[in-house]
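The values are calculated or read from the model by the stated rules, or taken from the named source; none is laboratory data. Predicted, not measured: the structure shown is a model, and the values here were computed from it. Reconstructed Cβ throughout: ideal geometry from the backbone, glycine too, with neighbour counts over all protein chains shown. What goes into the accessible areas is simple: the full protein's heavy atoms, side chains included, and nothing from ligands, DNA or RNA. Shrake-Rupley method; radii C 1.70, N 1.55, O 1.52, S 1.80 Å.
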Amino acid sequence: MPDSMPDYLRAVLTSRVYEVAIESPLTVASRLSRRIGHHVLLKREDLQPVFSFKLRGAYNKMASLTPAERAAGVLAVSAGNHAQGVALAARELGCRATIVMPSTTPSIKVDAVAAYGAEIILEGDGYDAAAAVGKRIAVERGLTFVHPYDDPAVIAGQGTVAMELLRQHAGRLDAVFIPVGGGGLAAGMAAYIKALRPEIKVIGVEPIDAACLDAALKAGEPVTLDQVGLFVDGVAVKRIGDHTFKVLKQHIDEMVLVNTDEICAAIKDVFDDTRVVLEPAGALALAGLKRYAEQLTHPGATLCAVASGANVNFDRLRHIAERAEIGEALEAVFGVAIPEQPGSFLGFCRALGPRSVTEFNYRYTPDASAQIYVGIALRRGAAERAEIAAQLSGAGYAVSDYTDNELAKLHVRHMVGGRAAINGRERVYRFEFPGAPRRAAALPRTDGHALEHHAVSLPQPRRRLWAGVRRHRGRRRQ
Ligand SMILES: *Cc1c(COP(=O)(O)O)cnc(C)c1O
């Protein structure tokens, strides 16, 4: 590692990226701005040719190689956006690229990289194993290793995002929010912004369960996390880079950590404003922006988030859509024990009062009580959760608030409605509200029984069902 820091301002200004990258638009998120009372800008890196900013750094690195190095070819290890960036950059530069991917990589991602003409090697169970193989192959074959973030040329290439941003927006800018994985994008942008407009706050955003920069800043040096959450796969990095950390510890003003629900909510916000679906890492910075904005005392700040990528698998959209509601504090999830006897469900509905139920699961237990899981729409945000819990326990129910519990939420989403043995065959029922259909195929079949699954559609539309409870109460009072 070099002792002196490279001159990143100069390196960014002299970067070669525009042979492959576009100057991405800076768009106003007008709906979101109106809602949160601040001026929200999005730097649209999702519109790059490979749907992420990664090709900037990859191209700048590869363009900086000597002709002999380029002729020998490059190697990268990645199952994601970096692989596509390197493969596209290599094609443009007429250079051979070898991409090592973990053997578990979905074929859709393998095919996307292969389409750019890269040679693909599937090796190793996860990223770490693939990286070890990749480094060995690079040495054996004399290929230049293109790091996804920890290389000054890569950092400088990513820094061109900030160069464009400051050119596109010369006016007031209070803070820029940048997603952090290994820190290449954040280091390049922070170095550039602080060199020219040091008054702009540069804020790094990480998922709570993959916060390697936050950990390093607290420890004063890079630390290796034992384990990182994989939901935000674009930033699931266990250790911040050495080059990137040098820049970041000097230039990052603040860190914001966000959870999965907040990220899903930010994906929805971007969809509402642009009709584009970002990947989780792509919406990470906006989720941080929203959390940060909540603690600002005055409205009217100008805040910019990098929308860093849009490589999302179609089959994850359902999960994201469901979690977005919780992230917006539009829904709470409770577990409640109710007596296993006729009329107890109606009693529970009365205790709940006139609220919209978004999800409902009933589980028979052999003892005297049944466990129900219920999703309830919130009208006034997170504070209302405590009120509902108090209301139910006041009515004598044992209540647990599962809104922040990952496992319980999966359970509610995918667990059964009820179970009964009919003619010696066990059957599982699930209740489905019209308008909120769930696939029976998502039900777990874990306990060794051959279960039959029956979706039971409740006859009433959900609002009418619960409005009925209110009418009932009204009549009683008369
Ligand atoms: C790689 C990536 C990041 C994180 O970038 P780093 O330079 O590793 O910090 C964020 N978002 C997307 C979409 C990415 O592909």
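Assorted remarks:
- Figure legend. Inter-residue proximity from the stretch 339-364: first residues in the same structural domain as Ala389 (by TED's automatic domain parsing), second residues among the basic types (Lys, Arg) and in a strand (DSSP E or B), beta-carbon distance below 8 Å, spacing 6+ or different chains. Indicated pairs: Asn361/Arg430; Arg363/Arg419; Tyr364/Arg419.
- Subset of the stretch 1-42 [among the aliphatic types (A, V, I, L, M), open to solvent by less than 60 Å² (accessible area, probe 1.4 Å) and part of a helix (DSSP H, G or I)]: Leu9, Ala11, Val12, Leu32, Ile36
- Being within 30 Å of Asp7 (Cα to Cα) and in contact with a strand residue (DSSP E or B) (Cβ under 6 Å, 6 or more places away or on another chain) is a condition met by at least one residue of the stretch 270-281.
- Residues (open to solvent by 10 Å² or more (accessible area, probe 1.4 Å) and within 11 Å of the ligand (Cβ to nearest atom)) located in the stretch 148-178: Pro148, Tyr149, Asp150, Asp151
- Qualifying positions in the stretch 171-199 - in contact with a Lys or Arg (Cβ under 8 Å, 6 or more places away or on another chain) and farther than 20 Å from Gly57 by Cα: Leu173, Asp174, Ala175
- Ile263 under 18 Å from the mean Cα position of the chain (by Cα) and either more than 16 Å from the ligand (Cβ to nearest atom) or not in a helix (DSSP H, G or I) (or both): no
- Residue in the stretch 266-274 that is within 13 Å of the ligand (Cβ to nearest atom) and under 18 Å from Leu165 (Cβ atoms) present: yes
- Qualifying residue in the stretch 302-313 (condition: of a type outside the set (Lys, Arg), over 25 Å from Tyr192 (Cβ atoms), free of Cβ contacts under 8 Å to residues at least 24 places away in the same chain and surrounded by fewer than 17 Cβ atoms within 10 Å (Cβ to Cβ)): no
- Condition met for Ala321 (away from the ligand (no atom under 16 Å from the Cβ), at pLDDT 85 or above and touching a helix residue (DSSP H, G or I) at 6+ places or on another chain (Cβ under 7 Å)): no
- Considered as a group, the residues in the stretch 43-85 that are open to solvent by less than 10 Å² (accessible area, probe 1.4 Å), within 12 Å of Val17 (Cα to Cα) and of a type in the set (A, V, I, L, M) include one that is farthest from the ligand (Cβ to nearest atom), and that residue is Met62.
- Residues being over 16 Å from Arg385 (Cβ atoms) and crowded, with 18+ Cβ neighbours inside 10 Å - total across the stretch 352-364: 3
- Subset of the stretch 179-201 (residues that are more than 16 Å from the ligand (Cβ to nearest atom) and open to solvent by less than 40 Å² (accessible area, probe 1.4 Å)): Lys194, Ile200
Yes/no per residue for (1) of a type in the set (Val, Ile, Thr); (2) under 30 Å from Ser107 (Cα atoms); (3) out of contact with any Pro (no Cβ under 7 Å at 6 or more places or on another chain):
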position: Phe231; (1), (2), (3): no, yes, no
position: Ala236; (1), (2), (3): no, yes, yes
position: Leu248; (1), (2), (3): no, no, yes
position: Phe271; (1), (2), (3): no, yes, yes
position: Tyr292; (1), (2), (3): no, no, yes
position: Asn311; (1), (2), (3): no, yes, yes
position: Asp315; (1), (2), (3): no, yes, yes
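- Matching residues in the stretch 327-351 - criterion: being within 30 Å of Leu289 (Cα to Cα) and either open to solvent by 10 Å² or more (accessible area, probe 1.4 Å) or more than 35 Å from the chain's Cα centre (by Cα) (or both): Gly327, Glu328, Ala329, Leu330
- Residue that is surrounded by fewer than 20 Cβ atoms within 10 Å (Cβ to Cβ), more than 14 Å from the ligand (Cβ to nearest atom), outside the structural domain of Asp261 (by TED's automatic domain parsing) and more than 23 Å from the chain's Cα centre (by Cα), where the choices are Ala219, Ala138, Ala132: Ala132
- Residues of the stretch 227-242 satisfying the condition of being within 12 Å of the ligand (Cβ to nearest atom) and either within 9 Å of the chain's Cα centre (by Cα) or open to solvent by less than 20 Å² (accessible area, probe 1.4 Å) (or both): Val232, Asp233, Gly234, Val235, Ile240, Gly241
- Where Ala332 falls short, out of the listed (1) farther than 24 Å from Met163 by Cβ; (2) in a helix (DSSP H, G or I); (3) more than 16 Å from the ligand (Cβ to nearest atom): (2)
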